[in-house]
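Report on the following structure.
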Number of protein chains: 2
Amino acid sequence: LLLPGDQAMKYLDDFTVGDTFDFTTVPASAEQIIAFAKQYDPQQFHLDEEFARTGPHGGLIASGFQTLLIVFGPIMRDLMNDVANIAGIGFDKLRWLRPYRPDQVLHVRITITAVTHSRSKPDRGILAYTLEARDSDDNLVMTVDVPVMVQRRQDAVA
Amino acid sequence: LLLPGDQAMKYLDDFTVGDTFDFTTVPASAEQIIAFAKQYDPQQFHLDEEFARTGPHGGLIASGFQTLLIVFGPIMRDLMNDVANIAGIGFDKLRWLRPYRPDQVLHVRITITAVTHSRSKPDRGILAYTLEARDSDDNLVMTVDVPVMVQRRQDAVA
């Protein structure tokens, strides 16, 4: 874990519009999909393989909430943990375009879309990125636009 | 669990713009916040109470992903499980306005904002709602707009 002030820490000033970062997700098994659904989203097509087979999706599919966690897992672990992140702001236009099915590995690309300095608080600003998660056939599974509040480098502010 | 065709199942035709539904969330403890962060979002202000106390939020706060699950928990368990839901579509304008702190109970209100029949598939349509989650002091903690694809009643379609 990096602490603020660490040289390897990324600040708002270290990002440029157009920068891309690529990630590979950790797969979730049928058992993990069912366990998550029991805890957070107990709809039958997330819980019951037999029922799901006859339903509109033709098989067991993950809760959209779990798909979100699968997609963001490597971003949070491998990128945001080294960013001088103050807080998540939200999500815009999140879309689940295809269901997540057991054992899929997704490829996630994020592209920086804006780097905006705060007018009222010069030590920070908003990093915005767009995200595309694709399956192994290159089909889009999920897309979302993400604004995050990030610290500026002290030497960039001063 | 209700099966499609069950009389208690809610279809798209059973919702009207302006309908509201109220929910109370299940609180998450500091231990649950830390455990969730270890698994899904290992940023230090979600993991380490000492560190968090000196940080910008003045104490341990939940990952935004966990706040999302806390807010939607009772909606998925108590409402959507009885709705003839085909699939989540996504989220629009999700905003985390205040952090979720240990043991808070949130009050969640959803208001139906649109009931739209599909032109291409007459058996379904889009149910849209807006959500407001508030703390016990009535401060907004999270807001989001949610479109969901829901089946129509067969007798309403025919």
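The values are calculated or read from the model by the stated rules, or taken from the named source; none is laboratory data. Predicted model only: the values in this text are computed from it and were never measured. Here Cβ is always computed from backbone atoms with ideal geometry, including for glycine, and neighbour counts include all displayed protein chains. With ligands, DNA and RNA removed, areas are computed over all heavy atoms of the protein, side chains included. Shrake-Rupley method; radii C 1.70, N 1.55, O 1.52, S 1.80 Å.
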### Query
How far apart are the residue B:116 label points across copies, placing each 7 Å from Cα toward Cβ, in nm, shortest first?
2.5
### Task
Evaluate the charge dipole of chain B about its Cα centre and quote only its size in Debye, nearest 20, assuming +1 on the Cβ of each Lys and Arg and -1 on the Cβ of each Asp and Glu.
500
#### Entry: Relative contact order, percent, chain B [alpha-carbon distance under 8 Å, six or more residues apart]
29
### Message
Closest beta-carbon to the A-to-B rotation axis: which chain A residue owns it, and what is the separation in whole Å?
### Response
A:91, 3
### Query
Per residue, how much accessible area does chain B have with a 1.4 Å probe, in Å²?
47
### Task
Would you grab the residues whose amide H sits under 5 Å from the one on residue A:141? Only those 5+ places off in sequence or on another chain, please, with H modelled 1.01 Å from N.
A:133, A:134, A:135
### Query
Of A:62, A:106, A:118, which is farthest along the charge dipole of chain A in the positive direction, counting Lys and Arg as +1 and Asp and Glu as -1 at C-beta?
A:118
### Summary
Taking Cα atoms, the helix A:30-40 axis meets the longest principal axis of chain A at an angle in degrees (rounded to 10) of 70
### Task
Provide a list, ordered by number, of residues in the stretch B:51-93 showing at least 50 Å² less accessible area with every protein chain present than when their chain is taken on its own, using a 1.4 Å probe.
B:65, B:69, B:76, B:86, B:89, B:91
### Copy-to-copy label separations for residue B:135, where each label sits 7 Å from Cα toward Cβ, in nm and ascending
4.2
### Query
Given the protein chains as shown and a 1.4 Å probe, how many square angstrom of residue B:126 are accessible, to the nearest 10?
70
### Task
Give the cross-link partners of residue B:93 among the aspartates and glutamates, using a straight C-alpha distance below 14 Å as the criterion and excluding same-chain residues fewer than 8 apart.
A:92, A:145, B:132, B:145
### Task
Enter the Cα centre distance for the pair the stretch B:106-128 and the stretch B:55-92, rounded to the nearest angstrom.
18
## Note on the structure
In square angstrom to the nearest 100, the accessible surface buried at the B/A interface, both sides summed with a 1.4 Å probe, amounts to 3200
### Task
Note the distances from residue B:26 to each other copy's matching label point, with points 7 Å along the Cα-to-beta-carbon direction, in nm, sorted shortest first.
2.3
### Task
Rank B:87, B:62, B:37 by mean-square fluctuation in a GNM of chain B with C-alpha springs under 10 angstrom and give only the top-ranked residue.
B:87
## Note on the structure
Per principal axis, largest first, the Cα atoms of the protein assembly as shown extend in Å by 69, 48, 34
### Inter-label distance for residue B:49 and residue B:157, nm, one decimal - labels placed 7 Å from Cα along Cα-to-Cβ
5.3
